[in-house]
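Please read the structure below before turning to the comments.
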Amino acid sequence: MEIKVQLTDHPKAKTPDSELGFGRVFTDHMFTMDWDKENGWHNAQIVPFGNISLSPACNVFHYSQETFEGLKAYRTADGHIQLFRPEENFKRLNNSNARLAMPTLDVGFCVEALKKLIEIDQAWVPYSEGHSLYIRPFCIGTEPNLGAHNTTTVKFLIILSPVGAYYASGLNPVSIYVEPRYVRAVRGGTGFAKTGGNYAASMLAQEEADAQGFSQVLWLDGVEQKYIEEVGAMNVFFVIGGKIMTPSITHGSILPGITRKSVIELLRHWGYEVEETRITVDDLMEAYKEGKFTEMFGTGTAAVISPVGLLRYKDYDMKLSDGKIGELSQKLYDELTGIQWGKRPDPFGWIVPVC
Ligand SMILES: *Cc1c(COP(=O)(O)O)cnc(C)c1O
């Protein structure tokens, strides 16, 4: 399919890198494409970034038919721009779309469209250390119909946002609180899909965690509320008795992170054993009391690796790695960010060059 390009007449002034933060500044252009039953996907275009006009009766506003992705483009030392495993993101978008009863996309076409969009907005990819271009592809149900049935029209967009370094002053351990009351996902639900509804359902718990000085919540399973699932927007890993463990994603309630997958592949490549298993919060507390639970970290595109310094369940505190950065967390962070920014070799073929 051909992509029509309409360039802006009014390029915006660029925000200095030091003022970027996360997700508030957007580039000059965006990609959009439409779907309906008769025509399938059509009307692929790159247009100036701007507001879109939708009927207030659109499906997405009332019944949350929405899916999204998050990935980054990185500026290498020699000025080139590259992506990290972008096909994985569009494959996952297709799995999310299938669960939300929306049409799937051609993965190869999406990667090409994304590369074209980034090439047009390449001047927006930051040069500063640790800064990157955050990429947000998403799909919304656009049928203006209050009947609660599947949408017959869908819009797919990609927007780009230059972002600051996640860790402004080096890797920093975070405090996490095990959510005792609310649940995020259940078996058979939408936990494995990247969809706005999962986030809407977690805002209240996040707000309560914030109020208690914790940066994120750790979710337990939605049935027995004892098995560890994942953190807000990160998967989790534990080092217990020298073994590396992470919750298995086979029950469909955990988001299959691409960073999670990369960490597992990297650890196995280095010769470590990684166990994908079910871990209860009681297992963690017991291992902690025995001095065996020594390290914990989260994995996700935004932070890459997020070491956990404190984990609280009800009124029991587990302090990890002396509140410092665990050895494994640091090693994984250095390797993954090294590959992403082109400072280290890429033996797995994860990097896709843009321009
Ligand atoms: C996006 C996301 C993750 C992390 O996935 P990555 O592909 O590693 O960025 C983990 N959990 C949830 C709920 C997410 O939405």
If you count the DSSP beta bridges with both ends in the chain, what percent of them are antiparallel, to the nearest 5? 80 percent
Given the options Gly70, Gly252, Gly291, which has the most mean-square fluctuation in a GNM of the chain, springs set between C-alpha atoms less than 10 angstrom apart? Gly291
Within the chain, which complete DSSP H helices have Cα atoms spanning at least 18 Å along the helix axis and a mean Kyte-Doolittle hydropathy of 1.0 or higher? 107-120
Would you calculate, for the chain, the mean residue ellipticity at 222 nm contributed by helices, counting each DSSP H stretch of 4 or more residues as -39,500 (n - 2.57) and dividing by all residues, to the nearest 500? -7000 deg cm²/dmol
Relative to 2.2 N^0.38 Å, what does the C-alpha radius of gyration of the chain come to as a ratio? Two decimals please. 1.01
For the range 133-227, run through the GluC sites (Glu not before Pro) and keep only the ones in DSSP coil with at most 15 other Cβ atoms within 10 Å of their Cβ. Glu224
GNM flexibility winner over the chain from Leu83, Leu146, Leu171 (Cα, springs under 10 Å): Leu146
Whole number please: convex hull volume per residue of the Cα set in the range 257-355, in Å³? 122 Å³
Kindly provide the chymotrypsin sites (Phe, Trp or Tyr not before Pro) of the range 98-132 that DSSP labels as loop, not H, G, I, E or B, and whose Cβ sees at most 12 other Cβ atoms within 10 Å. Tyr127
Given the range 151-269, report the % of alpha carbon pairs whose separation exceeds 23 Å. 41 percent
Using a simple charge model, +1 on the beta-carbon of Lys and Arg, -1 on the beta-carbon of Asp and Glu, nothing else, what dipole does the chain show about its Cα centre, in debye to the nearest 20? 80 debye
Please state the shape class of the range 90-173: rounded when a/c is under 1.5, otherwise prolate if a/b exceeds b/c and oblate if not, all from the C-alpha gyration tensor. prolate
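Suppose we keep just the DSSP beta bridges with both residues in the range 98-244; what percent of those would be antiparallel, to 5?
So the antiparallel bridges in the range 98-244 amount to around 85 percent.
Quick note: the coordinates plus some simple rules give every number you see, no bench work behind them. Just so you know, these numbers come straight off a predicted model, no measurement behind them. Virtual Cβ from ideal backbone geometry, glycine too; neighbours counted across all protein chains shown.
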